[in-house]
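**Q** Before anything else, here's the structure in question.
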Amino acid sequence: MTRRRRSLLAFAYACEPGKGSEPAAGWAWTRILGQLGDTWVITRANNRESVERGLADVAEQDRPRFVYVDLPIWARFWKRGQRGIRLYYLLWQVAAFLEARRLEREHNFDLVVHLTLANAWLGSTACFLKAPFIYGPVGGGVKTRWRLVGALGLRGALYEVGRVVARSGGRYLNPLSRASMRRASLILTLNHDTRMWLPRRFHQKAIVCPNVLLDAAPVRTRDTARDVMLYGGRLLPWKGVSLAIRALSLLPAWRLIVCGTGPDLIRLEKLADRLNVRHRVDFRGWVARTELHRTMREDASVFIFPSLHDDSPWTVVEALAAGLPVVCLDIGGPPALVGCHTAVQSASLAVTVARIASGVLTASRADRGAQRSRADAFLLQSRCAEIEGLLEQALISSTPPATSSQGRS
């Protein structure tokens, strides 16, 4: 007798093909869920055009089925880019939950999965649906390393104070976050730090599971660049680009390419001037992902990503796929992604900078083939079986409360 196909529902606020980070995670994970069962995905209405364009290019275009939800214009006029995104996201979840309840009346879902936004201390209204609930992959639990606060500047330091308050409030005071952790059959965390951030009684049902999924096999290229560090990402104080510039001052033969833009640009340019390395730093501004990948393959010899609390940065694995060794701090998600490759132990500012510089020299001698082999583990098809196993685990762990006379807690 053939097994009935699972029926799955996913919340994916961020979900866009061709993008990086969380939008890419939402898209890749919904594609895998579409291969594993009859899947419905609730996402934002402004993702419709890119999602429908992406569906035309994939084999599983008949599934998943996307349902587009957004707040009325009058209720979201104040949201601009990242401004107000968390409040908007919480309000969007109310609308998503109402749509999910409608879908629940039409379909007998076996599992509900919360994919994005991946923030453990915000919570998910999906936990209140009838089906067993998988919370994640979620992040947000990486601690601030106060010994490195000198690398952040005043604005960055104030941001960290606010972040600590928000994380603590989410962990102890946010009822939606507490309910999501309590009602989840399985919690997937983007990194070990977030797993340990969860209240201790939830550790047993929490598994570290980075959300990175590569759609294509790594591109094989020749090792041509020499003594060039590359950073790719937003320019924010906590991204640690100031640490890379400081390390550059200890590496007189090296250059640094910075691909990205953001509010920290002016401070970084002033720092490069002060350290007399401005002529060796190439601030290229925002570049398309295809151009960033070309730069990884052809113009760089080491990818540097000294972020202070990234959860699961896709650019790290994309750099590995291009054959670039990665130098990161032993903080948050990057160490789990790079595996046995160079993760610098954080300490005081001066010691950390010196260790980064030493790590760059060590990484530059690494075999590019080893980096590409590490990236193979994150191919979409490679991780399909892993994710299917997680779905089965959630279904098994939810069986006792589902059959109990008291129902789910």
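The values are calculated or read from the model by the stated rules, or taken from the named source; none is laboratory data. Everything numeric here is computed off the predicted structure, so don't read it as measured data. Reconstructed Cβ throughout: ideal geometry from the backbone, glycine too, with neighbour counts over all protein chains shown.
**Q** Please go through region 59-74 and pick out each residue that is of a type in the set (A, V, I, L, M) and at pLDDT 75 or above.
**A** Listed by number, the residues that qualify are Val67, Val69, Leu71, Ile73.
**Q** Report, by residue number, each residue of region 314-341 that is in contact with a helix residue (DSSP H, G or I) (Cβ under 6 Å, 6 or more places away or on another chain) and not hydrophobic (A, V, I, L, M, F, W, C).
**A** The answer is Gly323, Pro325, Gly332, Pro334, Gly339.
**Q** Now a separate question. Here are Ala321, Ala357: which of them is touching a residue at least 12 places away in the same chain (Cβ under 8 Å) and farther than 24 Å from Pro17 by Cβ?
**A** So the residue among Ala321, Ala357 that is touching a residue at least 12 places away in the same chain (Cβ under 8 Å) and farther than 24 Å from Pro17 by Cβ is Ala357.
**Q** State whether the residues of region 302-325 include one that is under 17 Å from Ala375 (Cα atoms), buried (at least 18 other Cβ atoms within 10 Å of the Cβ) and among the acidic types (Asp, Glu).
**A** Among the residues of region 302-325, at least one is under 17 Å from Ala375 (Cα atoms), buried (at least 18 other Cβ atoms within 10 Å of the Cβ) and among the acidic types (Asp, Glu), which makes the answer yes.
**Q** Which pairs do you get when a residue that is within 13 Å of Ala385 (Cα to Cα) and in the same structural domain as Tyr68 (by TED's automatic domain parsing), found in region 24-37, comes within reach of a residue that is assigned to a helix (DSSP H, G or I) and of a type outside the set (S, T, N, Q), reach meaning Cβ atoms under 6 angstrom, with the pair 6+ apart or on two chains?
**A** Ile32/Cys384; Ile32/Ile387; Leu36/Glu388
**Q** Name the residues in region 254-279 that are buried (at least 20 other Cβ atoms within 10 Å of the Cβ), in a helix (DSSP H, G or I) and either touching an Asp or Glu at 6+ places or on another chain (Cβ under 6 Å) or not small (Gly, Ala, Ser) (or both), would you?
**A** Leu268, Leu271
**Q** Let me ask another. Applying the selection to region 332-346, what residues are farther than 20 Å from His293 by Cβ, buried (at least 16 other Cβ atoms within 10 Å of the Cβ), out of contact with any Gly (no Cβ under 9 Å at 6 or more places or on another chain) and not polar (S, T, N, Q)?
**A** Listed by number, the residues that qualify are Pro335, Ala336.
**Q** Sort out for me the helices (runs of 4 or more DSSP H) sitting completely within region 283-401 that have 2 or more residues that are β-branched (Val, Ile, Thr) and touching an Asp or Glu at 6+ places or on another chain (Cβ under 7 Å).
**A** Counting at least 2 such residues, we get no helices (runs of 4 or more DSSP H) at all.
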